[in-house]
Structure formats: C-alpha cells, structure tokens
1. Going through Ala212, Ala221 one at a time, which residue ends up being out of contact with any helix residue (DSSP H, G or I) (no Cβ under 6 Å at 6 or more places or on another chain), in the same structural domain as Gly294 (by TED's automatic domain parsing), within 12 Å of ligand 1 (Cβ to nearest atom) and modelled with pLDDT of 95 or more?
2. Taking segment 142-173 only, how many residues are away from ligand 1 (no atom under 15 Å from the Cβ), open to solvent by 10 Å² or more (accessible area, probe 1.4 Å), part of a loop (DSSP other than H, G, I, E, B) and at negative phi?
3. Please count how many residues of segment 252-275 are within 15 Å of ligand 1 (Cβ to nearest atom) and either open to solvent by 30 Å² or more (accessible area, probe 1.4 Å) or in a helix (DSSP H, G or I) (or both).
4. Filter segment 60-74 for residues that are of a type in the set (D, E, K, R) and either without any contact (Cβ under 8 Å) to a residue 60 or more places away in the chain or surrounded by fewer than 20 Cβ atoms within 10 Å (Cβ to Cβ) (or both) and give the result.
5. Is it fair to say Ala306 is over 13 Å from the mean Cα position of the chain (by Cα), at pLDDT 95 or above, hydrophobic (A, V, I, L, M, F, W, C) and under 17 Å from Arg208 (Cβ atoms)?
6. Considering only segment 167-203, state which residues are over 25 Å from Ile88 (Cβ atoms), polar (S, T, N, Q) and under 15 Å from the mean Cα position of the chain (by Cα).
7. What tally of residues in segment 73-115 results from selecting those that are of a type in the set (Ser, Thr, Tyr) and not in a loop (DSSP other than H, G, I, E, B)?
8. Scan segment 288-309 for residues that are touching a residue at least 40 places away in the same chain (Cβ under 8 Å) and within 15 Å of ligand 2 (Cβ to nearest atom) and report the count.
Amino acid sequence: MLVVMKNDATKEQVQAVIEEIERMGYRGIAMPGAERTAVCIVGNKGPVDDIRLLTMEGVKEAIPVTKPYKLVSKETVLEPTVISIGNIKIGAGEVIVMAGPCAVENAKQAMTIALYVKAHGAQIFRGGAFKPRTSPYSFQGMGEEGLKILAKVREETGLFIVTEATDNASIELVEQYADIIQIGARNMQNYSLLRRAGQPSKPVLLKRGFAATIDELLMSAEYIMSEGNARIILCERGIRTFTNTTRNTLDLSAIPSIKELSHLPIIVDPSHAAGRREFVIPLSKAAVAVGADGLIVEVHNDPAHALSDGAQSLYLEQFAQLMKEIKLLRKTGV
Ligand code: PEP
Ligand code: MN
C-alpha cells in the first residue's frame, strides 16, 4: 500500500506516518516525488487496515499496490527515475552509451579502446576485472590490478567506469573504483549480493538473468532498493530460447514492458544477446527504436586475440559506425 501525503505535508507528518506503520508491524519507506511524498508500506503479507493512517495529519489517500514488487513499481513512483553520474543523466531521454572490452587485459589494451570510444561519443567505459566465466579454466579477470587500470582510464579520459562485482568479496573492491557496480546475469538472483549492492554507495547496473522473467528481474531490483539504494539501472542482455543462430535471444519487448511496470531506466546489451559482432549494430538500432535508455557494448582493439568474448566484440571502426547510425535514429526522432 502507498500512503500518499498532501502536497504541503511536513517532514514531521511523514515521519509520524512511518512510525505508525512500524507500530503496525511493517516497514514504511518515504518516497519523495516532484510534487508530493508517498510512504510505501512493505513487509505486509495481506491487505493493510488503513483507517488509522487515513486519519493522520498530512495524509491525502491510501492506494493499494497490486504488484509483488513495491518500490520499483510505477504504481509507487510515477515519474521516471533519472540517475545522475557526474554530468550524465541516465533515463532522461538521451541514449547513454557504455562501451569497452569484455575484460580488462592490460593497461595498453584498456587505454587504446577507451580513447577510441571516448572520441566517438561513449560516456561510460565498461571492462570486467572479475569475470564470471562459464568454464573454470577460462581467463577469470585481473582482479584488483584490473580495477586500478580502470581508475587510470577514468583519470586520463574522463570516462565513467562500470565494472562487475561477482560476489560479496569483490564488491568491496569494486565500489572503491567504479562509478557503477555491475551485477551480471548469472548473479541476478544472488540475494546476498543484491542486499550488499543495496547499501547506497554507488549506482547498480542489474542485468537480467538469461532464464529470468521480467517480474523476477524487478523482484531482484526490489532487493537492492529495499536496502536503501534507489539508483538502479536495469539491463536486458538476451535470454535463452530454442534459437541457436545467436548466443541468446534479445527480448526487445522487455523494454516497453519494463517501461510500463517500473520507473527505473532500462538499457540494452546487444553484445551478449547476439554473441556475434555482425548483429550488434542492427540490434542496437532496434533497442534505441523501442525506447532503451542506453546501450552497453563490447568493443576490442584486437578481437581475434581477446581473452574473452572476442566474437561479439566490435572492431574499433565498427563502434564509430554504430555511433553514427544511432545519431541518425535520434535525429529522425525514432
Ligand atoms: C558482461 O557484461 O561482461 C557479462 C558477463 O554479461 P552477462 O552477465 O550479461 O553475461
Ligand atoms: Mn562479455
């Protein structure tokens, strides 16, 4: 249930409502909006008796929230969430582009790619230092050494950094170096990691698991938000289907579905969806056309020798082409 406060309700009145909700045995979370504050009730198993709340000072009305996820639901927050990182705004209408290699391999590789993608319009640099690989024998990432390289990339290029935390140990390090903490598809339902990412230190990029429904993705986001971190960016990165001409199937309908259900921004990863670089530009254009707030794309200066995901990594010149084509789409107002 959502307790909507009057436009002129005071902070004390909001606090009194939260305390009353706690006396009822639930949790009340204040959700400040552009015009009014609402208090979201979480932790109730059934309907809440709202009579006591409705008679309190400053309370306008009580609205039931029908979805199992409360805080990330559009029923709770009407305006789209905009996440600011420096001068970048994710979810404000502009397509934000995150680009870089699958994994940080060495300083020269990372810097070469970063300078190129920056020169062609990327705002955020991606690169894994902790890699969740399908095989235990594959390259697992450079660890903290990789994070130090990412910090240098930020210092020298001005690009912001997104990089993955794979467990509760690596997140301690990642949050010290990254501007956005990535939670990967394989960890979308790692609830202790989600709770840890909910400590409000840095924005979180939460990728959809490859066998997860939209509701499950939103419940995972709810874990993060219920701990206090409201700065969440969702990411559609392809799901597993019977189709085998691509690594995964990009679920383009996830974007309008999420826009209908949640106020959180949603970006698209065409690289892990396709698994093949030839498809990354067309899928990126499709993602922009259906309303994605951004893209996260793998790019490599030498994909043939990449330590991970070379086949889906764009050549540098292809990244320039991608940016050109996306700009055309934006100009024509698609
Ligand atoms: C990645 O972005 O490097 C990655 C491992 O992606 P995903 O979690 O979507 O597989
Ligand atoms: Mn990858």
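1. Working: Ala221 fails: within 12 Å of ligand 1 (Cβ to nearest atom).
Of the residues listed, the single one that is out of contact with any helix residue (DSSP H, G or I) (no Cβ under 6 Å at 6 or more places or on another chain), in the same structural domain as Gly294 (by TED's automatic domain parsing), within 12 Å of ligand 1 (Cβ to nearest atom) and modelled with pLDDT of 95 or more is Ala212.
2. Number of matching residues: 2.
3. To start, the set of residues in segment 252-275 that are within 15 Å of ligand 1 (Cβ to nearest atom) comprises 254, 266-275.
Now drop any that are not either open to solvent by 30 Å² or more (accessible area, probe 1.4 Å) or in a helix (DSSP H, G or I) (or both), which leaves 254, 270-274.
Number satisfying all stated conditions: 6.
4. Of segment 60-74, the ones of a type in the set (D, E, K, R) are 60-61, 67, 70, 74.
Lys60, Glu61, Lys67, Lys74 - these are the residues of segment 60-74 that are of a type in the set (D, E, K, R) and either without any contact (Cβ under 8 Å) to a residue 60 or more places away in the chain or surrounded by fewer than 20 Cβ atoms within 10 Å (Cβ to Cβ) (or both).
5. Details: over 13 Å from the mean Cα position of the chain (by Cα): yes; at pLDDT 95 or above: yes; hydrophobic (A, V, I, L, M, F, W, C): yes; under 17 Å from Arg208 (Cβ atoms): no.
For Ala306, the condition - over 13 Å from the mean Cα position of the chain (by Cα), at pLDDT 95 or above, hydrophobic (A, V, I, L, M, F, W, C) and under 17 Å from Arg208 (Cβ atoms) - is not met.
6. Gln189
7. So in segment 73-115, the residues of a type in the set (Ser, Thr, Tyr) come out as 73, 76, 81, 84, 112.
With the extra rule that they be not in a loop (DSSP other than H, G, I, E, B), the set shrinks to 73, 84, 112.
Residues flagged as of a type in the set (Ser, Thr, Tyr) and not in a loop (DSSP other than H, G, I, E, B) within segment 73-115 amount to 3.
8. Going through segment 288-309, the residues touching a residue at least 40 places away in the same chain (Cβ under 8 Å) turn out to be 288-289, 292-302, 306-309.
Pick out the ones that are also within 15 Å of ligand 2 (Cβ to nearest atom) and you get 295-300, 306-309.
The number of residues fulfilling the criteria is 10.
The values are calculated or read from the model by the stated rules, or taken from the named source; none is laboratory data. What you see is a predicted model, and the numbers here were worked out from it, not measured in a lab. Note that each Cβ is placed from the backbone with ideal geometry, even for glycine, and that neighbours are counted across all protein chains shown. Remember, those area values only see protein heavy atoms, side chains included, never the ligands or the DNA or RNA. Shrake-Rupley method; radii C 1.70, N 1.55, O 1.52, S 1.80 Å.
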